[in-house]
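> My questions all concern the structure below.
The values are calculated or read from the model by the stated rules, or taken from the named source; none is laboratory data. Treat the numbers as computed from the prediction; the structure is a model and nothing was measured. Here Cβ is always computed from backbone atoms with ideal geometry, including for glycine, and neighbour counts include all displayed protein chains.
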């Protein structure tokens, strides 16, 4: 019986690999999602090779060239301290994008754990976990983040943790719904009947079949975290100068917006491109995994 189960599982694994290959081919047919994926890849390359791409260091000042308009010497112009906006915008990728990914990992880890446990075991444990999730979702998150940042101080580590620990509620609810449907499937019942441990069922049979939901939510959470970090930094409660962040660069440029529009516009464009790209990829993945939208 165990050998038959292993053979069935191996066949299921091969089928899943084939499905993921077909998913990749179908994903490329969604032009907006593909454009978003290409832009994200470019930003990841910029993040890795920022030091080689930026012509100046992020805090290099040249007061004589302050408030210079975009030119061949300063591609995005300079700010009120004579710093190259292009270089600072490039180095800001090393701040905003890692914050988005790291906070997403924390948020997804908590949300997936809560959703798996609540959905699979049900009963009192499900009620307790979901009521706690409702409590988290009931708070106005942005104002909660402002309060936490004001109490613990604005720094990168605090931003990552507070974003990750306040944005998992939606993931937990979606995961719970998926698990409630999957745990009634015949192959899950068969695994229980032959004595497969709950941990093995959860992580090898249920979790792997939730990857579509996980991938969609992960992309949307990265976009959400980057956008919220930009808002916090714009308000002075996020990444602090002289470390560049798209949010604090826009905040610094708003005082000279009439005479030096480039100080805020170019960081804003980068923030917009990253956020919209992750949302396009997330929408593309969601449309693909929606059976009603498959061709």
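> Among the residues of segment 73-80, are any part of a helix (DSSP H, G or I), at pLDDT 90 or above and over 28 Å from residue 207 (Cβ atoms)?
Looking through segment 73-80, none of the residues is part of a helix (DSSP H, G or I), at pLDDT 90 or above and over 28 Å from residue 207 (Cβ atoms).
> Which is within 30 Å of residue 245 (Cβ to Cβ) and either surrounded by fewer than 17 Cβ atoms within 10 Å (Cβ to Cβ) or free of Cβ contacts under 8 Å to residues at least 24 places away in the same chain (or both), of 158, 166?
Just one listed residue meets the conditions, 158.
> In this structure, does residue 31 turn out to be within 30 Å of residue 75 (Cα to Cα), at pLDDT below 90 and exposed (fewer than 11 other Cβ atoms within 10 Å of the Cβ)?
It is true that residue 31 is within 30 Å of residue 75 (Cα to Cα), at pLDDT below 90 and exposed (fewer than 11 other Cβ atoms within 10 Å of the Cβ).
> Look through 64, 68 and report the one residue that is in contact with a strand residue (DSSP E or B) (Cβ under 7 Å, 6 or more places away or on another chain), within 21 Å of residue 242 (Cβ to Cβ) and either outside any helix (DSSP H, G or I) or free of Cβ contacts under 8 Å to residues at least 40 places away in the same chain (or both).
Answer to the selection: 68.
> In the list 199, 109, 96, which residue meets the criterion of being surrounded by fewer than 18 Cβ atoms within 10 Å (Cβ to Cβ), part of a helix (DSSP H, G or I) and within 19 Å of the chain's Cα centre (by Cα)?
Just one listed residue meets the conditions, 109.
> Related question: Name, by its number, the condition in (1) closer than 30 Å to residue 66 by Cα; (2) touching a helix residue (DSSP H, G or I) at 6+ places or on another chain (Cβ under 6 Å) that does not hold for residue 126.
(1)
> Show the residue pairs meeting these rules: Cβ distance below 6 Å; 6+ apart or different chains; first residue within segment 193-205 and closer than 13 Å to residue 183 by Cβ; second residue part of a helix (DSSP H, G or I) and modelled with pLDDT of 80 or more.
202/116; 202/120
> Of the numbered conditions (1) at pLDDT 85 or above; (2) out of contact with any strand residue (DSSP E or B) (no Cβ under 9 Å at 6 or more places or on another chain); (3) surrounded by fewer than 22 Cβ atoms within 10 Å (Cβ to Cβ), residue 183 fails exactly one; give the number of that condition.
So the condition that residue 183 fails would be (1).
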